[in-house]
Amino acid sequence: MRFTSTPRGARLARHLAAARLDAWGIPYGTDPHDAIVLIVGELTANAVQHGHVPGRDFHFLLQVAPDGRTVRVEVTDTRTERHPCRPVAREEQAATAEAGRGLLLVSLLATRWGWHPRPDGPGKTVWAQHTLPSRSPEPRQSSRVIRNI
């Protein structure tokens, strides 16, 4: 789906992801649900803050693997010159700092994450995968992909 590259667009994507995860059988208030929603929030916020190009939207994809064990989040923006780098926890970073920890959180919550150039135009796609614990209920079969690119 496409969202405006604004804080409101990032918030809407996060809310849509939360509702869809619940509909897929990953209920609100569970650790997997909260982790995936936080990943969505961080990646969409980064697309707005660091990947914004005036007049361009960001694209959001949320999908469950066919085996129902892995949820994949993809956020695509149109900025080509800024790429995410692997975060490192810095001890000198102030404990009260309000920014600079988004990808560190993603790297801690996701099973894997990375980025690749956007295949159909300028920009990049940042993705993260979260493996569900074996005790989590398997997502229902309906509407397993949110996509409109």
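Coordinate-derived values only; no laboratory data. Just so it is clear, the structure is predicted and the values come from calculations on it, not from any experiment. Note that each Cβ is placed from the backbone with ideal geometry, even for glycine, and that neighbours are counted across all protein chains shown.
Listing for the model above:
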{"quantity": "For segment 1-79, diffusion coefficient by Stokes-Einstein and Kirkwood Rh (Cα), 20 °C, 1.002 mPa s, µm²/s", "calculated": "169 µm²/s"}
{"quantity": "Nearest-0.05 FRET efficiency for residue 53 and residue 116, computed from C-beta distance (R0 30 Å)", "calculated": "0.95"}
{"quantity": "Stretchable slack from residue 4 to residue 28, in nm (0.36 nm times residue separation minus alpha-carbon distance)", "calculated": "6.1 nm"}
{"quantity": "Kirkwood hydrodynamic radius over Cα pairs of segment 1-47, then Stokes diffusion coefficient at 25 °C and 0.890 mPa s, in µm²/s", "calculated": "230 µm²/s"}
{"quantity": "Nonlocal amide H pairs with residue 25, under 5 Å, H built at 1.01 Å", "calculated": "140"}
